[in-house]
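The values are calculated or read from the model by the stated rules, or taken from the named source; none is laboratory data. Bear in mind the structure is a predicted one, so any value in this text is a computation, not a measurement. Here the Cβ positions follow ideal geometry from the backbone for every residue, glycine too, while neighbour counts run over all protein chains shown. Just the protein is used for accessible areas: all its heavy atoms, side chains included, with ligands, DNA and RNA removed. Shrake-Rupley method; radii C 1.70, N 1.55, O 1.52, S 1.80 Å.
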Amino acid sequence: MSETPPPVTDEMLSVIEPKLTKQKVVDEFLSVNEPIDKPTPLTLESATDDLFCEVEGDANVARQVIAKLATVYDPEIPVNIYDLGLIYKIIIKPEQHVVIVMTLTAPGCPVAHLFPSMVEGAVTAAEDVDTAEVEIVWDPPWTQERMSEAARLELGMF
């Protein structure tokens, strides 16, 4: 189990630069998926065809985590890491612990050393999450096809 992530610093925040327009994507996702009274496994592919993230565990907590992930932005691309398709898997474990399996756009990402703690800090800000850990993987490698439709629109990739 990982240690509690350090608090988000001004240095980290200067890299994130959240945009309110991206919150609309999360709000729309949450509005079409009404709250569930009991924990239900959720596969996001069944909810939206343009998001590629596997979810294990409580769907309500997963939605909270997704909302927080959508506030973390890639420093080189003005799109949040969730819409970029950098999040491969969200695992909701007992005792309010979340594991995020993610990648980066490139192994040489200049903030690769900051990203795990930034993501952990964002995820632990979710109401029903106490601890989080981030696992960076390189297989499968990230490609532009993993991006959501909203990200493609933002970047003019149609």
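Kindly indicate whether Met157 is buried (at least 19 other Cβ atoms within 10 Å of the Cβ) and more than 16 Å from Ala62 (Cβ to Cβ).
So Met157 fails the test.
Name the residues in the stretch 122-145 that are of a type in the set (A, V, I, L, M) and in a loop (DSSP other than H, G, I, E, B), would you?
Hits for the stretch 122-145 are Ala125, Ala126, Val129, Val137.
Please go through the stretch 117-138 and give me each residue that is among the hydrophobic types (A, V, I, L, M, F, W, C) and surrounded by fewer than 16 Cβ atoms within 10 Å (Cβ to Cβ), ordered by number.
Ala125, Val137, Trp138
Checking Pro141 against (1) surrounded by 13 or more Cβ atoms within 10 Å (Cβ to Cβ); (2) over 13 Å from Tyr73 (Cα atoms); (3) not small (Gly, Ala, Ser), which single condition isn't satisfied?
Of the numbered conditions (1) surrounded by 13 or more Cβ atoms within 10 Å (Cβ to Cβ); (2) over 13 Å from Tyr73 (Cα atoms); (3) not small (Gly, Ala, Ser), the odd one out for Pro141 is (1).
Going through the stretch 86-110 one residue at a time, which ones are out of contact with any Ser or Thr (no Cβ under 7 Å at 6 or more places or on another chain), under 17 Å from Trp142 (Cα atoms) and in a loop (DSSP other than H, G, I, E, B)?
Scanning the stretch 86-110 gives Thr103, Leu104, Thr105, Ala106, Pro107, Gly108, Cys109, Pro110.
Which of the residues that make up the stretch 50-85 are among the charged types (D, E, K, R) and assigned to a loop (DSSP other than H, G, I, E, B)?
Hits for the stretch 50-85 are Asp50, Asp58, Asp74, Glu76, Asp83.
Hey, any hits in the stretch 75-89 for a residue that's surrounded by 20 or more Cβ atoms within 10 Å (Cβ to Cβ), farther than 20 Å from Ala151 by Cβ and at pLDDT 85 or above?
No; the residues of the stretch 75-89 include none that is surrounded by 20 or more Cβ atoms within 10 Å (Cβ to Cβ), farther than 20 Å from Ala151 by Cβ and at pLDDT 85 or above.
So which residues in the stretch 146-158 are in a helix (DSSP H, G or I) and free of Cβ contacts under 8 Å to residues at least 24 places away in the same chain, if there are any at all?
The answer is Arg152, Leu153.
Taking the condition of being surrounded by fewer than 17 Cβ atoms within 10 Å (Cβ to Cβ) and in contact with a strand residue (DSSP E or B) (Cβ under 9 Å, 6 or more places away or on another chain), how many residues in the stretch 98-116 meet it?
Here the count works out to 2.
Give all pairs with beta carbons closer than 9 Å in which a residue from the stretch 119-131 that is more than 17 Å from Tyr73 (Cα to Cα) meets a residue that is part of a helix (DSSP H, G or I) and acidic (Asp, Glu); count only pairs at least 6 apart in sequence or on separate chains.
Thr131/Glu120
May I ask you to say which residue of Leu20, Leu51, Leu44 is open to solvent by 40 Å² or more (accessible area, probe 1.4 Å), hydrophobic (A, V, I, L, M, F, W, C) and either at pLDDT below 85 or farther than 26 Å from Leu155 by Cα (or both)?
Only one candidate qualifies: Leu20.
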